[in-house]
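Participant: Okay, here's the structure, questions in a sec.
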Amino acid sequence: MSETVTVTSLTDNEEFDAYVARPADTPKAAIVVIQEIFGVNAGIRRKCDKLAEDGYLAVAPDLFWRLEPGIELDPDVEPEFQRALDLMGKFNQDQGIRDIEATIHHIREREGVKKVGAVGYCLGGRLAYMTVARTDADATVGYYGVGIDELLREKNAIANPLMLHIPTEDGFVDKDTQKAMHDGLDDHPKVTLYDYEGLDHGFATEFGKRRSEDAAQLADKRTAEFFAEHLA
């Protein structure tokens, strides 16, 4: 079962929408699904639906609500891709983390689910790293997060488990950045990094030409096992 709910922001007491997918039975835990730069589109909703099929309450907040509520873009359509890049440039990431934190609070207080993890993609992969460093999310996963090398100074704040999926041929994350991520995080007791040789950004998308089926299934299997260990 899926629906749209409203979440109250922490910063200005306004409300924003979130897509919610509910499992058939009592949730074993909850997971915040953090969007790409394309909004809470069909791919992100499908991520939520699959998590619900696996027994989780899945919630995808509309993080672009201050810019354009309800935006849904297709990365395979060039004008929409460019529009998404423009939105990312205007997006306040610190506010975004506060909205993710508000979503975590909403889940615990309104849904009554105490164990809450998070998974993010692209921009959401970067926000996933920020989430584990700045909130009390119980376990977090980031897929092809951008600019994480700029955030390594926050690694000492990581107290709960984090997994990062890194495609080695990511057009938005160069080799030097990947090396900095490994150098900074490989010895962190709470962090696990996986490389995907020859893969590009967006390889685990649900729909579209970016998907690489075998790698997506491998990464999603690792994510499922990670959440089973640390949430369920």
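Participant: With a bin width of 5 angstrom, please list the P(r) values of the range 143-223 as percents of all Cα-Cα pairs, from the 0 bin to the one holding the largest distance.
Facilitator: 3, 15, 27, 23, 17, 11, 3, 0
Participant: I would also like to ask the following. Round to the nearest 0.05 the FRET efficiency obtained for Lys28 and Gln82 when R0 = 25 Å and r is the Cβ-Cβ distance. Could you put the intermediate results ahead of the total?
Facilitator: Working: r = 40 Å, r/R0 = 1.60.
Here the calculated transfer efficiency is 0.05.
Participant: Amide H to amide H, which residues 5 or more places from Val146 or on other chains are under 5 Å from it, using H placed in the peptide plane?
Facilitator: Gly125, Arg126
Participant: Shifting gears a bit: Pairs Lys155/Lys179; Lys28/Lys115; Lys155/Lys221: which exceed 20 Å Cα-Cα? Provide the component values of the computation, followed by the final result.
Facilitator: Details: Lys155/Lys179 15 Å; Lys28/Lys115 8 Å; Lys155/Lys221 25 Å.
Exceeds cut-off: Lys155/Lys221.
Participant: Over the chain, what relative contact order in percent results from Cα pairs under 8 Å that are six or more residues apart?
Facilitator: Working: 494 pairs, mean separation 37.4, N = 232.
Reported relative contact order: 16 percent.
Participant: Using the heavy atoms of the protein chains and a 1.4 angstrom probe, tell me the accessible area per residue for the chain in square angstrom.
Facilitator: So the chain comes to 44 Å² accessible per residue, rounded to a whole number.
Participant: Let me ask something additional. Return the whole-Å distance between the Cα centroid of the range 58-130 and the Cα centroid of the range 156-226.
Facilitator: 18 Å
Participant: If you don't mind, another one. For the chain, what % of the accessible area comes from carbon and sulfur atoms, probe 1.4 Å?
Facilitator: Values: 4620 of 10110 Å².
Ligands and nucleic acids excluded, carbon and sulfur reach 46 percent.
Participant: Run the paramagnetic zone check for Glu68: 7 angstrom along Cα to Cβ, then residues of the range 23-51 with backbone nitrogen under 11 Å.
Facilitator: 38-39
Participant: Which of these, Asp74, Asp49, Asp12, has the largest mean-square fluctuation under a Gaussian network model of the chain (Cα springs below 10 Å)?
Facilitator: Evaluated over the chain, the most mobile residue of the options is Asp12.
Participant: Among Pro75, Pro189, Pro61, which one shows the biggest mean-square fluctuation in a GNM of the chain, springs joining Cα atoms closer than 10 Å?
Facilitator: Taking springs between Cα atoms under 10 Å, the residue moving most is Pro189.
Participant: Further question on the same structure: What span do the alpha-carbon atoms of the chain cover on each of the three principal axes, reported in whole Å from largest to smallest?
Facilitator: 42, 41, 34
Participant: Okay, helix-only estimate at 222 nm for the chain: each DSSP H run of n ≥ 4 adds -39500 (n - 2.57), divide by all residues, round to 500 deg cm²/dmol; what do you get? Please list the in-between numbers first.
Facilitator: Working: 6 runs with 80 residues, N = 232.
Rounded to the nearest 500, the figure is -11000 deg cm²/dmol.
Participant: Then there's this: In 10 Å bins starting at 0, how do the alpha-carbon pair distances of the range 1-42 split up by percent?
Facilitator: Answer for the range 1-42: a P(r) of 22, 48, 28, 2 percent.
The values are calculated or read from the model by the stated rules, or taken from the named source; none is laboratory data. Bear in mind the structure is a predicted one, so any value in this text is a computation, not a measurement. As a convention, Cβ positions derive from the backbone with ideal geometry for all residues, glycine included, and neighbour counts pool all protein chains shown. These area figures cover heavy atoms from the full protein model, side chains too; ligands, DNA and RNA do not enter into them. Shrake-Rupley method; radii C 1.70, N 1.55, O 1.52, S 1.80 Å.
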